[in-house]
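The structure under discussion appears below in the form of structure tokens.
The values are calculated or read from the model by the stated rules, or taken from the named source; none is laboratory data. Quantities reported herein were computed from a predicted structural model and do not represent experimental measurements. In this analysis, Cβ positions are derived from the backbone assuming ideal geometry, glycine residues included, and neighbour counts consider all displayed protein chains. What goes into the accessible areas is simple: the full protein's heavy atoms, side chains included, and nothing from ligands, DNA or RNA. Shrake-Rupley method; radii C 1.70, N 1.55, O 1.52, S 1.80 Å.
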Amino acid sequence: MLRTVRYTSPLKELSDYIVFDTETTGVDPETDRIIEVGLVEVKNNVIVDKFGSFVYPGRPIPASASKVNHIYDRDVAEAPSYLQIAPVLAEWLIGKTVVAHNAQFDVKLVKILLSEAGYSGTIKYVDTLFYSRRIISGVKNYKLQTLAEHFHIDSGEAHRAVDDAVTCHYLFQKCKEPTDSESFSQKPI
């Protein structure tokens, strides 16, 4: 059985982790499928490795999803299937602490995929959406791209998994080290 648990130690103590992001066919983790994964390995708060791949979802990508992430059926036609990508995700994520923006969604999708592939273990996660809502003030919303703009983080190509994972890493660094009194509230985490 695969378990997911929220990381509970102080954020400042976390310096080695995996940042990940998924692009999907929709917004329901129970019925939608992953079409792209992005993984970024961080050691001592520095990016040391990246991995990205399209994933064949076994169904057509809805136009509404393609409109957001610019990923189309032709992009995933020759991509690894769920069962083919599962070992890679298991190696990168199981037994590790992972960081993601809106992690509950991404973690649930990955948990479903890995469980279907027969993997077990534990994934600890940190949700930058959860923390940013508690410590960052003065933004119109808490979308990853809005927060990247707020902190002048180069976000690369929005809604592409590796670029979003890199952006999330830099946002996580901001969540760990709040120094700008105009950008951060005084609420304890």
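Solvent-accessible area assigned to carbon and sulfur over the chain amounts to 49 percent, based on a 1.4 Å probe. A simple count of charges around Cys168, restricted to other residues whose Cβ falls under 12 Å of its Cβ and scoring Lys, Arg +1 and Asp, Glu -1, yields -3.
Ordering Gly58, Leu11, Ile153 by Cα displacement along the dipole of the chain toward the positive end leaves Leu11 in first place; charges were set at the Cβ atoms of Lys, Arg (+1) and Asp, Glu (-1).
The Ala117 and Ala79 beta-carbon pair, evaluated with R₀ = 25 Å, returns a calculated FRET efficiency of approximately 0.95. Only Lys, Arg, Asp and Glu carry charge here, each on its Cβ (+1 for the first two, -1 for the last two); on that basis the chain has a dipole of about 640 debye about its Cα centre. In the stretch 1-45, Cα pairs under 8 Å separated by at least six residues give a relative contact order of 40 percent. Pair-distance distribution P(r) for the stretch 1-135, from all Cα-Cα distances in 10 Å bins starting at 0: 12, 43, 34, 11, 0 percent. Once C-alpha pairs closer than 8 Å and six or more residues apart are averaged by separation and normalised to the residue number of the chain, the relative contact order reads 27 percent. Diffusion coefficient of the stretch 67-147 by Stokes-Einstein, Kirkwood radius over Cα pairs, 25 °C, 0.890 mPa s: 167 µm²/s.
The stretch between Val48 and Ala158, if pulled fully straight at 0.36 nm per residue, gains 37.5 nm over its current Cα-Cα span. Sparsely packed loop sites in the stretch 33-112 (the GluC sites (Glu not before Pro) outside DSSP H, G, I, E and B with at most 15 other Cβ atoms within 10 Å) comprise Glu78.
Restricting the stretch 90-163 to chymotrypsin sites (Phe, Trp or Tyr not before Pro) that sit in a DSSP loop and have at most 14 other Cβ atoms within 10 Å of their own Cβ leaves nothing. Taking Cβ atoms as reference points and 12 Å as the exclusive limit, the residues near Tyr119 contribute a net charge of 0, counting Lys and Arg as +1 and Asp and Glu as -1. Potential lengthening of the chain between Val5 and Val27 amounts to 5.8 nm, from the contour at 0.36 nm per residue minus the alpha-carbon distance. Evaluated at q = 0.23 Å⁻¹, the base-10 log of the normalised Debye intensity for the stretch 1-79, with identical point scatterers placed on the Cα atoms, takes the values -1.03. DSSP bridge analysis restricted to the chain gives an antiparallel fraction near 60%, rounded to the nearest 5. Under a Gaussian network description of the chain, with springs only between Cα atoms under 10 Å, the residue in Ala103, Ala79, Ala161 that fluctuates furthest is Ala79. Fully extending the segment from Tyr72 to Val139 would add 20.9 nm, taking 0.36 nm per residue of separation and subtracting the current Cα-Cα distance.
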